[in-house]
There are 2 protein chains.
Amino acid sequence: METYEILRDLAVIFISAKLFGLLARKCKAPMVVGEIVAGLIIGPCLLGIVQPSAFINQMAEIGVILIMFSAGLETNLQELKKSGLIALVIACVGVFVPLVAGSLLYMGFHGAASFGSEEFFKAVFTGSIMTATSVGITVEVLKELGYLKSRVGQTILSAAIIDDIIGIIVLTFVLGFKDPDSNPLLITGKVVLFLVLSVILGYIIYRIFKIYDEKHVHTRRIPIIAVSLCFIMAFVAEKYFGIADITGAYIAGIILCNVRDAEYIDRRVSINGYMFFAPMFFVGIGLKTSFETMSGEVILFAVGFVLVALLSKIIGCGAVAKVCRFNWGDSLKIGVGMMTRGEVALIITNKGLDLGIIDHSFSTAVILLIIVSSIATPMLLKYLFTHDKKEKAKS
Amino acid sequence: METYEILRDLAVIFISAKLFGLLARKCKAPMVVGEIVAGLIIGPCLLGIVQPSAFINQMAEIGVILIMFSAGLETNLQELKKSGLIALVIACVGVFVPLVAGSLLYMGFHGAASFGSEEFFKAVFTGSIMTATSVGITVEVLKELGYLKSRVGQTILSAAIIDDIIGIIVLTFVLGFKDPDSNPLLITGKVVLFLVLSVILGYIIYRIFKIYDEKHVHTRRIPIIAVSLCFIMAFVAEKYFGIADITGAYIAGIILCNVRDAEYIDRRVSINGYMFFAPMFFVGIGLKTSFETMSGEVILFAVGFVLVALLSKIIGCGAVAKVCRFNWGDSLKIGVGMMTRGEVALIITNKGLDLGIIDHSFSTAVILLIIVSSIATPMLLKYLFTHDKKEKAKS
């Protein structure tokens, strides 16, 4: 491919991503959904104007790294500590229930698998796709409804953030086991070492960066150094610890989330993200999706996948909230608020596709899950909050 | 190469580019010089930490496209018209003299070449590398000295802008002839058709974009659509007209330079540029440079190249200024102000390397030219302007 030919692909991707993103927003769906649909339409799945290529894959990889870095940067450690314990418990159960439910769903379709087998691994991976709530979508919905600062809103937010972290750790563990010849103890040791090193080195890096940042606040070099740090951590995580590069990027974001220029870095990264790299990621998902495998069983699996993913979150998180003395209505809201899935589910799916753990039929299921959850959540939350208000007005 | 391995290369490129860029600025040289040096140091030329790769090339290509798009967006058509005619004449002669002088220099080293031969083409290409004044460096120097708004300053600025346009047209013509089997008449026809279409379609696109922009001013979609337009024009120029993609990008910038959001688009593009793509371009130049060919003749050629490039601009532009009734001092200032070379010379060189017209020894000469001119120009201009002030104070 001549170098200039990538320009055509880029232009088609950018314009279609924006067009379908805006269309999705018109339909009250998140723009991400539109971007994936754009990929489906321009890709080999339908029109075939753009073919997946190494360059698009590499740009997409940078895109997802930047998304995770940005998510890390937006972490509010103080807030996290405040609504801490309850949110932590909700998040843990909210990860555990879908993980188990998803694994069982896979086994339901492919037969029971013995612990440690390849099939067992695939089952657990299926569950891990279901674990991570999409903080972005959740926050946006709560903001729109004006309940972000309510107790319920704060709990959902904190739980969603912790959920994200746990989800990524789960993914790291699961992906660490991908090599059947590897030693689980060694992998566990590596993960622990990585987390310990992240905390220690992270703290040192944070202190040094903070001092440097104070001296050079708001200069161009700050975001460049920050992004380089993110790339290095992502690279080191994957290369030397067998840990997903997105985990490294996310931790790099958390390390820097309290420096003075965190928001400035985030803004710079986001501008790059939304303009060049993030669309490549979401459109790329669509490009890679193939509907050739849309047999009856695939459709059945996709429907089952969506139902299990949604219900396991509502029931898991809702039940814990009830135990933690929220009333029934608020517990249900928390459960529903936690059921949105977005980028992270896509990222994990993509990772699985790259590694050959799952096949393209999963993309269909996950895209269906994201579309259904991100349309259903806002509508359900809106209903629950306004219904609640009316009840209170009556009494 | 695993996808995540590009992250390491990117981090090394970003950090070294920033480091050496800042170092260059400390030494009063443009940051661009530092970024090229960074590429020389980390590349196969010295340390060999980063090897040139397809991905780096493609990112660099996007980088130079964005640089030219930004230069187009910053074009001030009104200003251009005002100091118009004189600047136009200065620019034309300022392109013509180095073009001829550069061609003669090449023939001096490689023997006279008959019109239309491969060697003649290489000679003209050598001359065309010398044509384009770097607007960026010139503007920055004049700003620093506080003479940007003086008559001399305005004339230099306008001439430098026109010079850039003419330089690109010359490059387009020269590159259009790269295929010895092609029909010069057809190429000329294509170039004329391209320019005519650019004006007509450009005006239509401008009107439509203007209306759309007014409705959606300062929204995220504006820069995305603008950049997509730039990519499409770059692609179409190269693919269907055999015209350099950077020319298309530059014209796309000029088309949009008068819409309401031109500055907003430019800012968005620049943020992407300076963070991700532009460093890839400048560092990439260094990565591609090889000093293995540093024989005595190469050094001699490089020194001759620099001298001819600088003197031909000073003499060509200065003489025209004198004819246009500037006094001797101001004429000299205009000549010196026009002698800075930067991105565009690199871009043309890079183009020639990609197409196999010139060899890597040219990089050495061009890098030397940029370093010498961008250090000598500020110093000489400063001397001339302050010397002038003292003379006036005396009399």
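Mind listing whichever residues of the range B:240-258 are open to solvent by less than 10 Å² (accessible area, probe 1.4 Å) and not in a helix (DSSP H, G or I)?
Answer for the range B:240-258, where residues must be open to solvent by less than 10 Å² (accessible area, probe 1.4 Å) and not in a helix (DSSP H, G or I): B:I243, B:A244.
Can you pull out the residues in the range B:23-53 that are within 14 Å of chain A (Cβ to nearest Cβ), more than 22 Å from B:A345 (Cα to Cα) and either assigned to a loop (DSSP other than H, G, I, E, B) or at pLDDT 90 or above (or both)?
B:L23, B:I42, B:I49, B:V50, B:S53
Would you say A:A234 is part of a helix (DSSP H, G or I), within 30 Å of A:P52 (Cα to Cα), under 18 Å from the mean Cα position of the chain (by Cα) and more than 9 Å from chain B (Cβ to nearest Cβ)?
The answer is no for A:A234.
Considering the range A:351-374 alone, what residues qualify as being of a type in the set (S, T, N, Q) and farther than 17 Å from A:A132 by Cβ?
Across the range A:351-374, the qualifying residues are A:S361, A:T364.
Going through B:I6, B:I15 one at a time, which residue ends up being crowded, with 18+ Cβ neighbours inside 10 Å, facing chain A (nearest Cβ under 10 Å) and touching a residue at least 24 places away in the same chain (Cβ under 8 Å)?
B:I6
For a quick check of your reading: which helices (runs of 4 or more DSSP H) sit entirely within the range A:291-360 and have at least 2 residues that are among the small types (G, A, S), surrounded by fewer than 17 Cβ atoms within 10 Å (Cβ to Cβ) and on the phi < 0 side of the Ramachandran plot?
Hits in the range A:291-360: A:296-323.
Is it true that A:S228 is within 12 Å of chain B (Cβ to nearest Cβ), out of contact with any strand residue (DSSP E or B) (no Cβ under 9 Å at 6 or more places or on another chain) and open to solvent by 10 Å² or more (accessible area, probe 1.4 Å)?
The answer is no for A:S228.
Could you tell me which numbered condition A:E74 fails, if it satisfies all but one of (1) at pLDDT below 90; (2) farther than 24 Å from A:V227 by Cβ; (3) touching a helix residue (DSSP H, G or I) at 6+ places or on another chain (Cβ under 7 Å)?
(2)
I'd like the residue in the range B:18-57 that is closer than 18 Å to B:S373 by Cα and out of contact with any helix residue (DSSP H, G or I) (no Cβ under 6 Å at 6 or more places or on another chain) and, out of all such residues, is least open to solvent (accessible area, probe 1.4 Å).
Ranking the qualifying residues of the range B:18-57, first place goes to B:C27.
Can you give me the number of residues within the range B:172-219 that are of a type in the set (A, V, I, L, M, F, W, C), modelled with pLDDT of 75 or more and under 26 Å from B:L256 (Cα atoms)?
Going through the range B:172-219 one residue at a time, the tally reaches 16.
Looking at B:T75 and the list (1) open to solvent by less than 30 Å² (accessible area, probe 1.4 Å); (2) in a helix (DSSP H, G or I); (3) more than 14 Å from chain A (Cβ to nearest Cβ), which single condition is not satisfied?
All conditions are met except number (2).
Take B:A91 and tell me if it is among the hydrophobic types (A, V, I, L, M, F, W, C) and buried (at least 24 other Cβ atoms within 10 Å of the Cβ).
yes
Testing B:F115 on (1) farther than 30 Å from B:E263 by Cβ; (2) free of Cβ contacts under 8 Å to residues at least 12 places away in the same chain; (3) within 14 Å of chain A (Cβ to nearest Cβ), one condition comes back false. Which one is that?
(3)
Could you grab me the full set of residues in the range B:255-284 that are in contact with a helix residue (DSSP H, G or I) (Cβ under 7 Å, 6 or more places away or on another chain) and basic (K, R)?
If the condition is that a residue be in contact with a helix residue (DSSP H, G or I) (Cβ under 7 Å, 6 or more places away or on another chain) and basic (K, R), then B:R260, B:R268 are the ones that fit.
Go through (1) more than 10 Å from chain A (Cβ to nearest Cβ); (2) open to solvent by less than 10 Å² (accessible area, probe 1.4 Å); (3) in a helix (DSSP H, G or I) one by one and return the number of the condition B:E263 breaks.
All conditions are met except number (2).
Exactly one of (1) within 12 Å of chain B (Cβ to nearest Cβ); (2) crowded, with 24+ Cβ neighbours inside 10 Å is unmet by A:P98. Its number?
(1)
Take A:I62 and tell me if it is assigned to a helix (DSSP H, G or I), within 14 Å of another protein chain (Cβ to nearest Cβ) and not small (G, A, S).
Criteria met by A:I62.
The values are calculated or read from the model by the stated rules, or taken from the named source; none is laboratory data. Owing to the predicted nature of the structure, the values given are computational and were not obtained by experimental measurement. In this analysis, Cβ positions are derived from the backbone assuming ideal geometry, glycine residues included, and neighbour counts consider all displayed protein chains. The accessibility values were calculated without ligands, DNA or RNA, using every heavy atom of the protein model including side chains. Shrake-Rupley method; radii C 1.70, N 1.55, O 1.52, S 1.80 Å.
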